[in-house]
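Chemist: The structure's right below; bear with me while I get my questions together.
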């Protein structure tokens, strides 16, 4: 393409052609790698914590859950290193949603530590149901934005695990597996369904 | 009849503005790929659009590499709207 004059008809055609070229990015037909990355990583941590706790009987192994911040930091680091060629309005909205969700995770950790210091007992068990709720809300909101019903509704199934944890109120080893299972239901399964739909189309 | 904006009535500059209309931000490589323009020509046209206030150009270093990203300004959006309205008016009279 050059810096040449064009006629009126060519101008209109050029405008619609360029808008069409940006549609592939705007339609969110990406491969949903981030959901699969977070989902499978959570399941791996879930089984690891469950096995360690099962064979040692020490519930302190629940601290392995802090590894959950690794994929968040990793994706941010890689994103900054690579730089992105184009930021669509859709990508930008989703980025803002997950920035808020990520902040909620961070603030909850800070709140648990700060309140724990004041009351003399730091207990991270509440972090598990809250994390399922936060991640579920983030996934549902993503589903609403990208108009994918699997991402909208499956997180509600995952929320059952959070409600169960809040009702029983006492951390036990089954929570670890339940946590991984809920991420399987509301992140991994919808990501695979939507990916296969994209490949078929 | 209003005259077409001479800054937009050029193939490459119109293509850049139209691409930026549907995205929040695009970098130099993206614009180069979609417009199939040469780097030198694209740089010149980006400067012209930037000087007119139609786009914002941000230059930064990402992972040791320079990166130029562009986004449409409100002035650029209004100019494109006016340009399209003018085109419609013109074509309406011709057809």
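Chemist: Go through the residues of region B:35-44 one by one and say whether even a single one is at pLDDT 90 or above and more than 20 Å from residue A:18 (Cα to Cα). Give the steps one after another, and end with the answer.
Modeler: Applying the first criterion (at pLDDT 90 or above) to region B:35-44 yields B:35-44.
Those still in the list that are more than 20 Å from residue A:18 (Cα to Cα) too: B:40.
The answer is yes; a qualifying residue exists.
Chemist: Is it the case, given these coordinates, that residue B:80 is surrounded by fewer than 22 Cβ atoms within 10 Å (Cβ to Cβ), assigned to a helix (DSSP H, G or I) and in contact (Cβ under 8 Å) with a residue 24 or more places away in the chain? Write out each step before concluding.
Modeler: On the way: surrounded by fewer than 22 Cβ atoms within 10 Å (Cβ to Cβ): yes; assigned to a helix (DSSP H, G or I): yes; in contact (Cβ under 8 Å) with a residue 24 or more places away in the chain: yes.
Yes.
Chemist: Taking residue A:169 as meeting all but one of (1) over 23 Å from residue A:60 (Cβ atoms); (2) surrounded by fewer than 20 Cβ atoms within 10 Å (Cβ to Cβ), write down the number of the exception.
Modeler: (1)
Chemist: Still on this model: Residues in region B:58-72: is at least one assigned to a helix (DSSP H, G or I), within 25 Å of residue B:4 (Cβ to Cβ) and facing chain A (nearest Cβ under 9 Å)?
Modeler: Our first condition is that a residue be assigned to a helix (DSSP H, G or I); within region B:58-72, this holds for none.
Checked against the condition, which is being assigned to a helix (DSSP H, G or I), within 25 Å of residue B:4 (Cβ to Cβ) and facing chain A (nearest Cβ under 9 Å), region B:58-72 yields no hits at all.
Chemist: Name the single residue that is farthest from the other protein chains (Cβ to nearest Cβ) among those in region B:4-13 being in contact (Cβ under 8 Å) with a residue 60 or more places away in the chain and over 12 Å from the mean Cα position of the chain (by Cα).
Modeler: Among those that are in contact (Cβ under 8 Å) with a residue 60 or more places away in the chain and over 12 Å from the mean Cα position of the chain (by Cα), it is B:5.
Chemist: For region B:43-54, name all the residues that are surrounded by 22 or more Cβ atoms within 10 Å (Cβ to Cβ) and either under 14 Å from residue B:68 (Cα atoms) or in contact with a strand residue (DSSP E or B) (Cβ under 6 Å, 6 or more places away or on another chain) (or both).
Modeler: Step one: list which residues in region B:43-54 are surrounded by 22 or more Cβ atoms within 10 Å (Cβ to Cβ), which gives B:45, B:49, B:54.
B:45, B:49 - these are the residues of region B:43-54 that are surrounded by 22 or more Cβ atoms within 10 Å (Cβ to Cβ) and either under 14 Å from residue B:68 (Cα atoms) or in contact with a strand residue (DSSP E or B) (Cβ under 6 Å, 6 or more places away or on another chain) (or both).
Chemist: Between A:88, A:142, which is crowded, with 18+ Cβ neighbours inside 10 Å, in contact with a helix residue (DSSP H, G or I) (Cβ under 6 Å, 6 or more places away or on another chain) and at pLDDT 90 or above?
Modeler: Details: A:88 fails: at pLDDT 90 or above.
Unique residue meeting the criteria: A:142.
Chemist: If you go through region B:26-39 one residue at a time, do you hit one that is away from chain A (no Cβ under 11 Å) and over 19 Å from residue A:2 (Cβ atoms)?
Modeler: Residues of region B:26-39 that are away from chain A (no Cβ under 11 Å), as a first pass: B:39.
Then keep just the ones that are over 19 Å from residue A:2 (Cβ atoms); that gives none.
Checked against the condition, which is being away from chain A (no Cβ under 11 Å) and over 19 Å from residue A:2 (Cβ atoms), region B:26-39 yields no hits at all.
Chemist: Quick one: in region A:83-107, of everything that is under 16 Å from residue A:66 (Cα atoms) and free of Cβ contacts under 8 Å to residues at least 24 places away in the same chain, which residue is farthest from the other protein chains (Cβ to nearest Cβ)?
Modeler: Ranking the qualifying residues of region A:83-107, first place goes to A:107.
Chemist: Looking at A:141, A:127, A:104 in this structure, which one is more than 24 Å from residue A:168 (Cα to Cα) and assigned to a helix (DSSP H, G or I)? Steps first, please.
Modeler: Details: A:127 fails: more than 24 Å from residue A:168 (Cα to Cα); A:104 fails: more than 24 Å from residue A:168 (Cα to Cα).
Matching residue, one of A:141, A:127, A:104: A:141.
Chemist: Which ones in region B:14-25 are within 7 Å of chain A (Cβ to nearest Cβ) and either assigned to a loop (DSSP other than H, G, I, E, B) or buried (at least 19 other Cβ atoms within 10 Å of the Cβ) (or both)? Let's see the steps before the verdict.
Modeler: In the first step, residues of region B:14-25 are kept if they are within 7 Å of chain A (Cβ to nearest Cβ); the result is B:14-15, B:18-19, B:21-25.
Across region B:14-25, the qualifying residues are B:14, B:15, B:18, B:19, B:22, B:23, B:25.
Chemist: Also, quick follow-up: In this structure, does residue A:151 turn out to be closer than 22 Å to residue A:127 by Cα, in contact with a helix residue (DSSP H, G or I) (Cβ under 9 Å, 6 or more places away or on another chain) and touching a residue at least 24 places away in the same chain (Cβ under 8 Å)? Walk me through how you get there before you give the answer.
Modeler: Values: closer than 22 Å to residue A:127 by Cα: no; in contact with a helix residue (DSSP H, G or I) (Cβ under 9 Å, 6 or more places away or on another chain): yes; touching a residue at least 24 places away in the same chain (Cβ under 8 Å): yes.
So residue A:151 does not fit the description; no.
The values are calculated or read from the model by the stated rules, or taken from the named source; none is laboratory data. Only a predicted model underlies this, so the values are computations on that prediction, with no experimental measurement involved. With ideal geometry, Cβ positions are generated from the backbone for all residues, glycine too; neighbour counts draw on all protein chains shown.
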